[in-house]
Amino acid sequence: MKTTQVQGVHHITIVGSTRQSAVDFWQGVLGMPFLFEQPNLGGPDENHLYFDPGDGRLLTVFTDETRQDAGRHAPREIGCVEHLAFNVSRATFALAPARLRERGIEFIERDRGFMNSIYLRDPNGLKVELACYKFETPEGFRAADVLSKAHSLRVERGDHHITEEHLADAIELLLATRRRLPVSETAPVLTDNF
């Protein structure tokens, strides 16, 4: 059987309330530049707002000026989205709690073993995660490569979850797969004779 091979997330679209509510949260709170809007070509009563989440892809929001913010948590039922997670730098992660408090936004922090997370909600109750890996992905590899190898080590060792030790060992093993020049082929040693 042949599969339809996907190559990454193209965009995510959520149902929002008003244009201003969407701009205030996605651009104002999370810093995603508001790129443009146009009518929702599949629903003439809605606008379609486009934001840049920072990786060249899109987050879009359907808005309608007759709607109000939901004022409740989004449903967590079969078939519903549990949360959306966005990558942030270590520096941004460290400053996020104070910045969210300044805006009066409630949040919780969690240590996920291989990453740290901050959870908050958009004006319509959708849970949003700010995620920060505890490792730097080595050049030539993807975060998924590091996590897959760390998971293999965790299972092999019988550990409960991925820890920083698994991450460090995984990176070491991945780097060992790189082609290295033999010592005799390395750059010449410089002497004090100029």
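So for segment 72-82 (the condition being touching a His at 6+ places or on another chain (Cβ under 6 Å) and on the phi < 0 side of the Ramachandran plot), does at least one residue qualify? Show your work before the answer.
Taking segment 72-82 and keeping what is touching a His at 6+ places or on another chain (Cβ under 6 Å), we get none.
For segment 72-82, residues touching a His at 6+ places or on another chain (Cβ under 6 Å) and on the phi < 0 side of the Ramachandran plot: absent.
Every residue in segment 20-34 that is in a loop (DSSP other than H, G, I, E, B) and either touching a helix residue (DSSP H, G or I) at 6+ places or on another chain (Cβ under 8 Å) or within 17 Å of THR66 (Cα to Cα) (or both), please. Break it down into steps so the answer makes sense when it comes.
Step one: list which residues in segment 20-34 are in a loop (DSSP other than H, G, I, E, B), which gives 30-33.
Residues satisfying the conditions are MET32, PRO33.
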| message | Looking at (1) without any contact (Cβ under 8 Å) to a residue 12 or more places away in the chain; (2) of a type in the set (Lys, Arg); (3) surrounded by 15 or more Cβ atoms within 10 Å (Cβ to Cβ), which one does ARG142 not meet, given that it meets all the others? | response | (3)
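Listed here are the residues, each with its yes/no results for (1) loosely packed, with under 14 Cβ neighbours inside 10 Å; (2) under 19 Å from ARG121 (Cα atoms).
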| site | (1), (2) |
| --- | --- |
| HIS10 | yes, no |
| THR13 | no, yes |
| ALA22 | no, yes |
| VAL29 | no, yes |
| GLY43 | yes, no |
| ASN47 | no, no |
| ASP52 | no, yes |
| ASP55 | yes, no |
| Does segment 89-105 contain at least one residue that is out of contact with any strand residue (DSSP E or B) (no Cβ under 9 Å at 6 or more places or on another chain), of a type in the set (Asp, Glu) and in the same structural domain as ASN124 (by TED's automatic domain parsing)? | yes
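On the basis of being over 17 Å from GLU129 (Cα atoms), without any contact (Cβ under 8 Å) to a residue 24 or more places away in the chain and surrounded by fewer than 16 Cβ atoms within 10 Å (Cβ to Cβ), does PRO75 make the cut? I'd like the intermediate steps shown before the answer.
Numbers: over 17 Å from GLU129 (Cα atoms): no; without any contact (Cβ under 8 Å) to a residue 24 or more places away in the chain: yes; surrounded by fewer than 16 Cβ atoms within 10 Å (Cβ to Cβ): yes.
Here the answer is no, as PRO75 does not meet what is asked.
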| request: Within segment 115-145, track down each residue that is of a type outside the set (Ser, Thr, Tyr) and farther than 23 Å from HIS83 by Cα. | output: GLU136, PRO138, GLU139, GLY140, PHE141, ASP145
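For residues that are basic (Lys, Arg) and out of contact with any Lys or Arg (no Cβ under 8 Å at 6 or more places or on another chain), scanning just segment 122-152, find the one that is nearest to PHE93 (Cα to Cα).
Here the answer is LYS134.
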| field | Pair list, Cβ < 7 Å and 6+ apart or interchain, from segment 117-130 residues that are at positive phi to residues that are of a type outside the set (D, E, K, R) and surrounded by fewer than 19 Cβ atoms within 10 Å (Cβ to Cβ) | value | GLY125/ALA70; GLY125/HIS73; GLY125/ALA74
| For segment 57-72, which residues satisfy the criterion of being assigned to a loop (DSSP other than H, G, I, E, B) and surrounded by 10 or more Cβ atoms within 10 Å (Cβ to Cβ)? | ARG57, ASP64, GLU65, ARG67, GLN68, ASP69, ALA70
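Scan segment 92-110 residue by residue and report those that are of a type in the set (D, E, K, R) and touching a residue at least 60 places away in the same chain (Cβ under 8 Å).
So the first thing to find is which residues in segment 92-110 are of a type in the set (D, E, K, R), and the list is 99, 101-103, 106, 109-110.
Selection gives ARG103 alone.
The values are calculated or read from the model by the stated rules, or taken from the named source; none is laboratory data. Values in this document were obtained by computation on a predicted structure and should not be read as measured data. We place every Cβ from the backbone using ideal geometry, glycine too, and count neighbours over all the protein chains shown.
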